[in-house]
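Right, one structure below, let's go through it.
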Amino acid sequence: MALFQHPFFKSSNILTERQYEKGVRFLAERDYVQANQCLKLAAEKGHVSATYNLAILNGSGVIEPFDVDFAAECFYKAADAGHPNAKAYLFMLEAADRAGLGTTHLANLALNSQPIDRMLPYLVMITGCRFYAAVCKATDATRQVINYELDAASTSEHEYIQDFVKRCGVPVSEFSGGLHRLQDGDAANQITDGLNHLFASMKQAGYTDELCLIARCTIVSYIISQSKYADSAPELHGINMFLNPPCYGGVTNEAHNKRINNMGLASLFGLKKDTIIIGGIRTKLPETDEQTMNLVSQLARQLEMKLPTEQDIYWFVIEFFDRASAFNGSAKDMLNNLPFHLYEMEYEGRRSEKSYVGKKNSGVTYLLEDIAPSFKKAVPHLGAGPEQVIVALVYVIFCTAHAEMIKNLRIKYAVHYHNNCISSGSYNNAEKWGEVIDSLE
């Protein structure tokens with residue numbers, strides 16, 4: 001892919017260079033997740049070209065979550081290490097960060113960019129997000145710009161834009177009517193005009209309507225993340241997740257609502273009305289089944305952000321299932337609602353930190369070391385147990401939303417383990433993995 005060609009740097013460490021080359025091969029195959037992993041490993045060892053390519057990848061919307069600040073950090077590091085492309089455009093990022101880039105300059109940058117393979121223009125996105133957040137803050141126009149943009153987006157006919165508005169972290173009561181509150185010539189009006197100019201320039205450059213809309217929503221999301229709504233703002237979505245957000249069932253999932261009702265959780269939680277923080281979400285304990293499912297769905301979305309790679313998702317699914325199998329009766333029973341059956345061969349005793357992964361799984365950690373303790377602390381009068389039910393329900397909701405992907409990952413890893421067993425002569429285990437494969441195909 002031309003965007004990533006012509007490496008500036010070659011490492012004297014053979015293993016580091018091989019890791020970089022492996023990342024480049026994944027780029028050629030458009031496997032951006034694997035490329036990102038390999039390039040991160042090379043960058044950690046000081047590979048300058050890997051660091052620059054990370055800025056491109058993470059600024060283009062092809063990695064989930066869309067981490068603008070990480071992309072900017074990589075860009076600064078690559079420029080500091082002497083990468084010619086990063087050095088050539090460093091002045092733009094520096095200008096953006098001090099709110100001095102200019103809306104016209106940014107729109108011209110978009111106009112002169114070259115659309116590539118369903119990617120957003122990385123330099124436009126990195127500088128655009130940082131610039132608009134900085135200029136909103138500098139002119140005290142953040143609230144007005146957010147309200148204008150969200151009120152306008154709420155009128156969109158596109159479902160993925162409506163979903164963006166719902167998950168943005170800003171209450172409807174805050175932004176409703178914002179489309180009509182701007183005054184001609186004020187800072188907020190000029191900033192939103194700049195966003196209009198950027199949108200038009202991207203369209204003129206040849207980007208699809210979808211990418212133009214995602215670019216604008218991403219900039220708005222970034223502004224929100226730097227505002228007073230930062231605590232409730234979710235991480236930014238990459239292109240694929242933005243267009244195809246997982247369906248968590250929410251309040252329409254009658255099976256799960258019935259399950260909660262049977263356990264009497266809603267009435268129990270309603271004993272305390274203080275505002276609390278559960279898993280990074282500021283909320284009140286739910287008093288109804290509907291409120292419970294809303295909270296669980298929010299937590300499932302937060303969980304999703306903790307699992308950026310396929311490897312993370314696979315290990316989360318199998319390890320948490322094994323851990324949850326030791327939960328109390330009600331929480332363990334919740335696993336019966338999973339849309340698939342796991343075999344003991346897949347999960348028994350599996351721990352990410354004790355495997356080739358070599359570290360704790362961030363999803364398991366989020367459920368067991370963040371959500372569960374904070375929930376237990378909030379309802380000490382209920383004793384042990386409800387926190388297990390909540391994390392088990394979040395797990396089930398997540399797995400239900402991603403059932404097809406999880407099935408494909410289980411096949412992929414089962415084939416891998418099956419082949420390894422054959423190679424090592426462990427034919428009994430190979431036969432068991434073969435049974436798993438047969439059941440999934």
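One line per residue, one yes/no per condition, for (1) touching a residue at least 24 places away in the same chain (Cβ under 8 Å); (2) polar (S, T, N, Q); (3) assigned by TED's automatic domain parsing to the domain that holds Ala324:
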position: Ser352; (1), (2), (3): yes, yes, yes
position: Ile411; (1), (2), (3): yes, no, no
position: Tyr417; (1), (2), (3): no, no, no
position: Gly425; (1), (2), (3): no, no, no
position: Asn428; (1), (2), (3): no, yes, no
position: Ile437; (1), (2), (3): yes, no, no
position: Glu441; (1), (2), (3): yes, no, no
Is there a residue being buried (at least 18 other Cβ atoms within 10 Å of the Cβ) and among the polar types (S, T, N, Q) anywhere in region 169-178?
-> no
Filtering region 416-441 down to residues that are of a type in the set (Ser, Thr, Tyr) and over 24 Å from Ala403 (Cα atoms), which residue is surrounded by the most Cβ atoms within 10 Å (Cβ to Cβ)?
-> Ser426
Contact list, first residue from region 114-126 and farther than 12 Å from Thr218 by Cα, second anywhere and of a type in the set (Ser, Thr, Tyr) and not in a loop (DSSP other than H, G, I, E, B), beta-carbon distance below 7 Å, six or more apart or interchain, is Leu123/Tyr89
Determine whether region 116-136 contains at least one residue that is under 25 Å from the mean Cα position of the chain (by Cα) and more than 18 Å from Gly59 (Cα to Cα).
-> yes
Output the number of the condition that Gln162 fails; it satisfies all remaining conditions of (1) touching a residue at least 24 places away in the same chain (Cβ under 8 Å); (2) surrounded by fewer than 18 Cβ atoms within 10 Å (Cβ to Cβ).
-> (1)
Residue under evaluation Leu342, criteria (1) buried (at least 16 other Cβ atoms within 10 Å of the Cβ); (2) within 24 Å of the chain's Cα centre (by Cα); (3) not charged (D, E, K, R), criterion not met = (2)
Would region 134-154 turn up any residue that is more than 19 Å from Ala99 (Cβ to Cβ), among the polar types (S, T, N, Q), in the same structural domain as Glu235 (by TED's automatic domain parsing) and surrounded by fewer than 19 Cβ atoms within 10 Å (Cβ to Cβ)?
-> yes
In region 281-318, which residues are outside any helix (DSSP H, G or I), in contact with a Gly (Cβ under 6 Å, 6 or more places away or on another chain) and touching a residue at least 40 places away in the same chain (Cβ under 8 Å)?
-> Lys306, Leu307
Would you be able to say whether some residue in region 67-84 is in contact with a strand residue (DSSP E or B) (Cβ under 7 Å, 6 or more places away or on another chain) and among the aliphatic types (A, V, I, L, M)?
-> no
Reported set for region 49-96 where residues are out of contact with any helix residue (DSSP H, G or I) (no Cβ under 6 Å at 6 or more places or on another chain) and farther than 15 Å from Pro121 by Cβ is Ser49, Asp69, Glu73, Tyr76, Asp80, Gly82, Pro84, Ala88, Phe91, Glu94, Ala95
Does Ser49 satisfy the criteria of being in contact with a Pro (Cβ under 6 Å, 6 or more places away or on another chain) and either touching a residue at least 12 places away in the same chain (Cβ under 8 Å) or crowded, with 23+ Cβ neighbours inside 10 Å (or both)?
-> yes
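The values are calculated or read from the model by the stated rules, or taken from the named source; none is laboratory data. As the structure is a computational prediction, the values presented were derived from the model and not from experiment. FYI the Cβ positions are ideal-geometry reconstructions off the backbone, even for glycines, and counts take in every protein chain you see.
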